[in-house]
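Here's the structure, in structure tokens; my notes come after.
Read-outs throughout are calculated quantities, based only on the coordinates presented, and are distinct from any laboratory measurement. Bear in mind the structure is a predicted one, so any value in this text is a computation, not a measurement. Quick reminder, even Gly has a Cβ in these numbers, built from the backbone with ideal geometry, and neighbours come from all protein chains shown.
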Amino acid sequence: MTLVIEDRNDCSPVFVPNRILLKISELSPVGTSFVIPTANDHDGSKFSVQKYKLETEDKNDWRNFNNASLPTNTIVTNVAPELKLTLMERLDREQKDGYHLRVVAVDGGELPLSGTLLIEVAVLDENDNRPKFNRPIYEANITENAAYQTVVVQVSATDADVGDNGRVFYGFPSNGMSTYGRMFDVNNITGEIRVISKLDRETKPVHHLTVTAADYGTNSLPVEVSVVVRLIDQNDNEPKVAFRNVAEASNAETTKLCTFLGHVMVDDLDEGVNGQFNCSLDSKYADGFARFGQSSALQSLDREEKDLYEFRAVVVQQTMTKLSSTCQVTVRVEDENDCGPIFSKNEFIFTMFEENLPGTEIGTVYAFDKDEYPNNQMHFELISDEFIVDDRDDIVFRIEKSSGKIWTESVLDRELKSDYYFKVLVRDLNNSTITNISTVLIKLIDINDNSPVFRFPNKTHHHILVYVP
């Protein structure tokens, strides 16, 4: 006797295990398949697992995974075939970091029985995001005398990745360290930028920094942001003053009143009210010159009286600190030919022995001119001809034009003329109209150059008659 036991669909498909965790990298390519457990049904092949279907809690998840299905060309047998879950779209952990799926196995009964596999998909983070600063540019204003470790500004960046891939640190680029790395420092954890050396607005009023942000992940991609630091001026500079850049001016003594001599140049590197100042001249001679930025002659100048004026230009800031500076101003008065030659005496008296040899020096007449060379050049002339030529029409005296020395040109005889009186003229060599006159008296000293001579009888009578009473 043969006993045939007919199968009934009394067993449901069962997954062992009925819950799994899949860890999938967010950079997994589309089309990647992952093997998942198959269901087991103890019924015969007629009532065994006939199909699988994929269910999700979120209908949008259908785009990422296809239905769990048996591989093609696979015959359902007691040996469970391989079941795969296939990735249909690219994952992005930053958009969605996990999925909850259900794979349902359905058997072949008229009233199908089913079993469910719960799949939790954890999307693994990859370092696929750069840090992002919360501002496109950072700007800050600080005083130029900011103390050491003063916080200038704090930058902040975030990274959508997690773990080391999302942990951000800050720094300066390598080329920035050589330019501003000695003046500023950035905290690599907090992003605070601090002052680490003395700043000077007058040297560099604006600093352009670049800060980088990178994560600790593999193949990190750093980003940069610009930081503009503007220095606020402080009154830390004394005004610098100069007169015509060389602190010296020349001026002719015939300069008219209020003639412009030059500028008092003042430079204060500070700005605004810190760079405002008052200018004045400090000297007993300063009253003769205008003030407030330019120097002008307010009094007549006379080089022969004073050829050099020295005084100080004083600049004082208008701020409370009243920083000041001075500059030595030297005004040299240039000579003009405004003085004529003047004899040292109104009359020159010379004595000499008679019977002199021609060319004998009698003496020198002196004259002086207060002007400077070449305006003080002069020459001398004799102007009384009747005393220069004797009865024989011989020239008696000669004067050296350049020195004023007087010479004899012939032998003088006291017995013929004992005194010579004449005039001498001195003339400005550069202006012939400027002259001066003095007199010269030459007295001859007698020498024993004559024998006694009887006055009577004279030459025509060689004897004398004497009558005796």
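Observations
- Within the shell of other residues whose beta carbon sits under 9 angstrom from the beta carbon of Phe380, the net charge comes to +1, with Lys and Arg scored +1 and Asp and Glu -1.
- Along the stretch 144-161 the Karplus relation, 6.51 cos²θ - 1.76 cosθ + 1.60 evaluated at θ = phi - 60°, assigns HN-Hα couplings of 5, 9, 4, 6, 4, 6, 5, 6, 8, 6, 10, 8, 8, 9, 10, 10, 5, 6 Hz to successive residues, with x for each Gly and Pro.
- Protection proxy ranking, peptides 197-206, 425-434, 113-122, average beta carbon neighbours within 10 Å, highest first: 113-122, 425-434, 197-206
- Taking the average, over residues, of other Cβ atoms within 10 Å as the packing measure, peptides 38-47, 4-13 rank 38-47, 4-13 from highest down.
- When only alpha carbons are used to place a centre, the stretch 92-153 and the stretch 393-433 end up 122 Å from one another.
- Among Tyr420, Tyr366, a tally of other beta-carbon atoms within 10 Å of each Cβ gives an order, fewest to most, of Tyr366, Tyr420.
- Averaging Cα coordinates gives a centre for the stretch 337-377 and one for the stretch 166-244; these two points are 82 Å apart.
- Percent of beta bridges antiparallel (DSSP, the stretch 342-445, rounded to nearest 5): 75 percent
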